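The structure appears below as structure tokens.
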Amino acid sequence: MVEEEELSWRNTHLGTRIRVALWLRDEVGEGGTFSKARLREVIQGAEQVDRRMRDLRPAGWVIKTYRDKPSLQPDQLYLEAMGRPVWEPEHRAAGLRQISAKTRRFVYERDLHMCRRCGIAAGEEYADDPGTRGRLTLGHVNPHKSGSAGNAEDLITECARCNETVGHLTGIQMTKEQVWDRVAALPNRGKRDLLEWMEADHRTLSPAEKAWGMYRQLPAVLREALRQDLEALLKS
């Protein structure tokens with residue numbers, strides 16, 4: 001068992017999921033409310049804090065949002081119940097799925113290194129959020145709590161923003177009416193393309209878009225070299 005003095009959410013040597021669980025245990029408690037902003041503030045220097053919090057749910061932690069508990073504000077979360085003590089060695093893997101490096105690489109390549117939900121490529125800037133760039137991760141086709149596995153057919157490439165949205169950990173979502181207004185404003189060709197993507201549950205990409213997604217996953221120095229090669233090719 002880990003020594004008690006080491007079991008602190010302030011201990012940066014612990015994994016992020018463990019630190020989040022300890023903070024919820026010690027600072028929030030069952031029946032307490034907190035915000036994502038506060039969680040990110042206290043667990044500094046850790047990646048994907050929101051996602052690590054969501055990873056507690058399959059281990060029996062009940063964390064509700066305003067969608068589950070109407071009395072909450074959109075930025076509030078409610079710790080209804082603590083689950084398994086993931087800070088203990090025998091419980092550290094509780095609720096987690098192991099995804100092999102081979103499977104991870106296969107899914108990214110299959111999805112052409114682009115988010116299957118919004119289409120953004122790695123490092124590409126969001127059109128509606130200038131200055132914020134896409135960071136790719138893996139998500140499950142079905143929500144984690146529904147029992148989807150860690151196999152390639154159960155995984156899709158998502159950007160971190162879409163991954164959080166699917167997990168109901170973001171703020172207020174667009175309404176159906178807001179999305180419909182954008183759909184209705186499309187030219188007929190755009191409407192037909194969109195319907196085709198909806199029916200296939202997959203956006204058909206042009207060869208140039210496929211190459212773009214692959215290009216974006218390259219390191220910056222290789223992207224620049226490739227850009228120069230293409231520029232030289234077009235000038236020849």
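Residues are listed down the side, and each one gets a yes or a no for (1) of a type in the set (Gly, Ala, Ser); (2) at pLDDT below 85; (3) closer than 12 Å to residue 155 by Cβ; (4) surrounded by 17 or more Cβ atoms within 10 Å (Cβ to Cβ):
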residue	(1), (2), (3), (4)
86	no, no, no, yes
90	no, no, no, no
108	no, no, yes, yes
122	yes, no, no, yes
125	no, no, no, no
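Looking at the structure I just gave you, is residue 78 surrounded by 15 or more Cβ atoms within 10 Å (Cβ to Cβ), among the aromatic types (Phe, Trp, Tyr) and not in a loop (DSSP other than H, G, I, E, B)? Working first, answer last.
Numbers: surrounded by 15 or more Cβ atoms within 10 Å (Cβ to Cβ): yes; among the aromatic types (Phe, Trp, Tyr): yes; not in a loop (DSSP other than H, G, I, E, B): yes.
When the stated conditions are applied, residue 78 passes them.
The values are calculated or read from the model by the stated rules, or taken from the named source; none is laboratory data. Note that this is a predicted model, so its numbers are computed, not measured. All Cβ positions, even for glycine, are placed from backbone atoms using ideal geometry, and neighbour counts span all protein chains on display.
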